[in-house]
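Here is the structure we will look at.
The values are calculated or read from the model by the stated rules, or taken from the named source; none is laboratory data. Worth saying up front: this structure is predicted, and the values here are computed from it rather than measured. Glycine gets a Cβ as well: all are built from the backbone with ideal geometry, and neighbour counts include every protein chain shown. Surface accessibility is based on the protein's heavy atoms, side chains included, excluding ligands, DNA and RNA. Shrake-Rupley method; radii C 1.70, N 1.55, O 1.52, S 1.80 Å.
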Amino acid sequence: MTTVLKRSNWAIWRDVIFALFVREIRTGFNDRLGLAWAIFQPLSFIFLLSFLRGRMDGGDTHTIPTFEFMMYGMLLIQLFLETLTNCAAAIKKNKSLFAFRQVQPISSVLASALFSLLIKLSVFVLIFLIMYFLKMDFKLDDPLFILLNIVTLWMFALSLGLMFAIAQCYVPEISKIQSVLSRPMFFISAVFFSMQDVPKEYWPYLDWNPILHAIELTRHAAYNTYSTEAVSEFYLFFSALVALFFAASIYHISWKQAISR
């Protein structure tokens, strides 16, 4: 007599996310460059921007080596934009898999988000290894706070991506609006500049942006001499939690109708 092993819903959901995650890795690295391009692209931008900014500031930018100043800005904005884009496209991309009862839209969104996070964390680690072997000076005064800022920004991007993914099921043209709205983020999120470069009377026009707070706080976590007068930990965490609440609520209410359209 054969026995049937019953698995919990959590075990099934975990296996589904893992399978989708592996699928994301295979499709993400199916070309010849693969992970090498994921490392070379941000590195080339960081070196170029560091060179340009270094010509203005010398070796340091507000007590941080210019290379690291640009590194945190570039990698964090790329983490946000790539997570947002991948999550927003995840439901539409994997719609054929939802015919299987075990596969739910949230699983595909989480798998895409985890893939983006894994890539950027790998790039962070590899850049630090390169800096170590090249004997470049760097500091990590509060590595746990750096990781916390990265995960918080990732959660914020995941939440926005989930909302855009649901909206695209009803109105496909939303993807064009998402693209238009996300492009300016590259230029207003303190990737190339510090809030210390901006006069205080103009801070309210920029510090509504949670991405800017994440980048500036991460620089401070690496070098505690870096000023954080213009940004707030509370605002960053609160923004991420509010976005997560609305994303989960919208998904809970509308995911069945969304995938049936």
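Limited to region 169-203, what total is found for residues that are among the small types (Gly, Ala, Ser) and out of contact with any helix residue (DSSP H, G or I) (no Cβ under 8 Å at 6 or more places or on another chain)? Of the residues in that region, 1 qualify. Checking the structure you have, find out if any residue of region 239-260 is at pLDDT 85 or above, among the hydroxyl-bearing types (Ser, Thr, Tyr) and closer than 30 Å to residue 61 by Cα. So far as region 239-260 goes, yes, one or more of its residues are at pLDDT 85 or above, among the hydroxyl-bearing types (Ser, Thr, Tyr) and closer than 30 Å to residue 61 by Cα. Within region 79-93, is even one residue among the aromatic types (Phe, Trp, Tyr), at pLDDT 70 or above and part of a loop (DSSP other than H, G, I, E, B)? No, the conditions are met nowhere in region 79-93.
With respect to (1) within 19 Å of the chain's Cα centre (by Cα); (2) exposed (fewer than 14 other Cβ atoms within 10 Å of the Cβ), the lone exception for residue 114 is condition (2). You will find that of 217, 181, the residue that is part of a helix (DSSP H, G or I) and modelled with pLDDT of 90 or more is 217 and no other. Suppose the filter is assigned to a helix (DSSP H, G or I), within 24 Å of residue 212 (Cβ to Cβ), hydrophobic (A, V, I, L, M, F, W, C) and within 14 Å of the chain's Cα centre (by Cα); does residue 75 pass it? In short, yes. Scanning region 184-204 for residues that are of a type in the set (S, T, N, Q), open to solvent by less than 60 Å² (accessible area, probe 1.4 Å) and part of a helix (DSSP H, G or I) yields no hits at all. Here residue 192 meets the list (1) in contact with a Ser or Thr (Cβ under 9 Å, 6 or more places away or on another chain); (2) touching a residue at least 24 places away in the same chain (Cβ under 8 Å) almost entirely, failing just condition (1). Candidates in region 139-183 are the residues that are among the polar types (S, T, N, Q) and touching a residue at least 40 places away in the same chain (Cβ under 8 Å); of these, the one that is surrounded by the most Cβ atoms within 10 Å (Cβ to Cβ) is 159. For region 221-261, a residue qualifies if it is among the charged types (D, E, K, R) and under 20 Å from the mean Cα position of the chain (by Cα), and exactly one does: 233.
Is there a residue being open to solvent by 40 Å² or more (accessible area, probe 1.4 Å), touching a helix residue (DSSP H, G or I) at 6+ places or on another chain (Cβ under 9 Å) and without any contact (Cβ under 8 Å) to a residue 12 or more places away in the chain anywhere in region 88-96? No, the conditions are met nowhere in region 88-96.
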